[in-house]
Amino acid sequence: MKVTSIRLVAVGAVATLALAACGSGSSGGSGAAATGGTVKVGIKFDQPGLGLKTGSTYTGFDVDVANYIAKELGFTPEFVEAVSSQRETLISSGQVKYIVGTYSITDSRKQKVSFAGPYFIAGQDLLVRSDETAITGPDSLTGKRLCSVKGSTSAANLQKKYPGINLQEYNTYTLCVDALKAGSVDALTTDNTILAGYAAQEQNKGKLKVVGTTFSTENYGVGLKKGDTAFCDQVTTALNKFIDSGEWQKSVDKNLGPAGFKPGPGNPPKPAPCS
Ligand code: GLU
């Protein structure tokens, strides 16, 4: 396939040829970077305010970012669930074209995928039951049972900073929320954005609270195929437009506002050039 050379010209009539050359208007990780067809896009399905699937409807800040990129690049997104531990695989195997899913940019992930961004800065925090008084921050976790998700920076950070801590790793954050409510763990740790969404959910009101002492910096990026600089440049242009046009702020207010979440210092960030 001549996709690589075609991709450089990207838009317009040439892209129609590119799609024809691929034999399909639907593409995951390969094929034309833009124009016309449907592309598979990874998001979270169970993170209120960020990426949430309700019936056949998708809502959240990350969903807005994913839709904005798709609109700017001229294609229709088809959403696929990207749980934390599957993200690199979904991208490198071409099952999704890109992922917008509270996906922190890290050096180890950059061995396998590339990132456009950051488009948001979050920080790791703790979610506990409302009546919890002993857990006031990461330094009061000794002897407590923690929950986080496989393949997340949250689990890795905690194990690195507090080796020997009692950490259970599940596949999704909702499983941790259930375990926390059931009393089988004492705290859930991940990004403050995600935790605020759970605390504000109708069924959790009065039951859960965010501790509010952040102890990491999570730079959210759009994950895409490693080394696809042309596509990364297009996504970065879309992210800059999303931020500069005021859409970023509108989406933050709409999606994170109801949970009372205010973005921390450094927001909105300036996306870095692709390399
Ligand atoms: N932002 C962190 C990460 O990328 C935690 C949230 C998540 O698992 O999506 O691992």
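Every number in this text was worked out from the coordinates using simple rules, so none of it is lab data. Fair warning: this is a prediction, and the values are worked out from it, not measured in the lab. Please note: Cβ atoms are built from the backbone with ideal geometry, for glycine as well, and neighbour counts cover all protein chains shown.
Values computed for the structure shown
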read-out	value
Sole residue being among the hydrophobic types (A, V, I, L, M, F, W, C) and in contact (Cβ under 8 Å) with a residue 60 or more places away in the chain, chosen from 80, 96, 39	96
Looking only at the stretch 223-241, and only at residues there that are surrounded by fewer than 23 Cβ atoms within 10 Å (Cβ to Cβ) and under 18 Å from the mean Cα position of the chain (by Cα), the one that is farthest from residue 43 (Cα to Cα)	240
Matching entry among 125, 107 (being within 15 Å of the ligand (Cβ to nearest atom), among the charged types (D, E, K, R) and surrounded by 20 or more Cβ atoms within 10 Å (Cβ to Cβ))	125
Residue check, residue 184 of a type outside the set (Val, Ile, Thr), over 15 Å from the mean Cα position of the chain (by Cα), crowded, with 18+ Cβ neighbours inside 10 Å and not in a helix (DSSP H, G or I)	no
Yes/no for residue 64 being surrounded by fewer than 21 Cβ atoms within 10 Å (Cβ to Cβ), outside any strand (DSSP E or B) and away from the ligand (no atom under 12 Å from the Cβ)	no
Residue 160 out of contact with any Asp or Glu (no Cβ under 6 Å at 6 or more places or on another chain) and surrounded by fewer than 16 Cβ atoms within 10 Å (Cβ to Cβ)	yes
Qualifying residue in the stretch 192-202 (condition: in contact (Cβ under 8 Å) with a residue 12 or more places away in the chain, within 16 Å of the ligand (Cβ to nearest atom), within 30 Å of residue 273 (Cβ to Cβ) and not hydroxyl-bearing (Ser, Thr, Tyr))	yes
Tally of residues being of a type in the set (Val, Ile, Thr) and either under 20 Å from residue 114 (Cα atoms) or free of Cβ contacts under 8 Å to residues at least 24 places away in the same chain (or both) across the stretch 236-275	2
Odd one out for residue 157 among (1) over 16 Å from the mean Cα position of the chain (by Cα); (2) more than 11 Å from the ligand (Cβ to nearest atom)	(2)
Qualifying residue in the stretch 72-91 (condition: out of contact with any Gly (no Cβ under 8 Å at 6 or more places or on another chain), of a type in the set (A, V, I, L, M, F, W, C) and part of a helix (DSSP H, G or I))	yes
Residue in the stretch 95-104 that is among the aromatic types (Phe, Trp, Tyr), within 13 Å of the ligand (Cβ to nearest atom) and within 22 Å of residue 274 (Cβ to Cβ) present	yes
Selection within the stretch 214-242 - within 24 Å of residue 155 (Cα to Cα) and among the small types (Gly, Ala, Ser)	216, 221, 223
Residue in the stretch 169-177 that is away from the ligand (no atom under 15 Å from the Cβ) and either closer than 18 Å to residue 207 by Cα or surrounded by fewer than 20 Cβ atoms within 10 Å (Cβ to Cβ) (or both) present	no
Answer residue from the stretch 204-220, given it is out of contact with any Pro (no Cβ under 7 Å at 6 or more places or on another chain) and part of a strand (DSSP E or B) and is nearest to the ligand (Cβ to nearest atom) among those	218
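One line per residue, one yes/no per condition, for (1) closer than 27 Å to residue 269 by Cα; (2) more than 15 Å from the ligand (Cβ to nearest atom); (3) out of contact with any Gly (no Cβ under 9 Å at 6 or more places or on another chain):
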{"position": "119", "(1), (2), (3)": "yes, no, no"}
{"position": "129", "(1), (2), (3)": "no, yes, no"}
{"position": "132", "(1), (2), (3)": "no, yes, yes"}
{"position": "140", "(1), (2), (3)": "no, yes, yes"}
{"position": "145", "(1), (2), (3)": "no, yes, yes"}
{"position": "153", "(1), (2), (3)": "yes, no, yes"}
